[in-house]
1. How many residues, within segment 35-67, are of a type in the set (Gly, Ala, Ser), surrounded by fewer than 17 Cβ atoms within 10 Å (Cβ to Cβ) and touching a residue at least 12 places away in the same chain (Cβ under 8 Å)?
2. If I ask for residues that are open to solvent by less than 90 Å² (accessible area, probe 1.4 Å) and part of a strand (DSSP E or B), which ones from segment 68-80 would you list?
3. Considering only residues that are acidic (Asp, Glu) and either open to solvent by 100 Å² or more (accessible area, probe 1.4 Å) or at pLDDT 90 or above (or both), which ones fall in segment 3-19?
4. Is it the case that residue 28 is aliphatic (A, V, I, L, M), at pLDDT below 95, open to solvent by less than 80 Å² (accessible area, probe 1.4 Å) and farther than 17 Å from residue 7 by Cα?
Amino acid sequence: MIDKFQYYPTPPALSERAWDKFKNRNFVRTLEPSAGNGHLLKCRPANRWNPMPVDCIEIDISKHASLRSLGFSVIGMDFM
């Protein structure tokens, strides 16, 4: 079966490596233009006293509820 939304979740180890590439850790806000189920965002560095706000864009509307349940704001369906 072909996935019409081309969903490819990011493995946790790769997510952590991606976030480790940032030299400046003073994030103010993050935009995830193809959020899926939030796999990349789950590994983000966050201060528990001042969590980094995350805005997500996800074309598959069936994933919006799970993103919101993780505390992310879904702001659109198509980043183009």
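1. Qualifying residue count for the region: 1.
2. 73, 74, 76
3. Looking only at segment 3-19, we keep the residues that are acidic (Asp, Glu), and these are 3, 16.
Answer for segment 3-19, where residues must be acidic (Asp, Glu) and either open to solvent by 100 Å² or more (accessible area, probe 1.4 Å) or at pLDDT 90 or above (or both): just 16.
4. Answer is no for this residue.
The values are calculated or read from the model by the stated rules, or taken from the named source; none is laboratory data. In this text, all values refer to a predicted model and were calculated from it rather than measured experimentally. Note: ideal-geometry Cβ built from the backbone for every residue, glycine included; neighbour counts use all protein chains shown. The accessibility values were calculated without ligands, DNA or RNA, using every heavy atom of the protein model including side chains. Shrake-Rupley method; radii C 1.70, N 1.55, O 1.52, S 1.80 Å.
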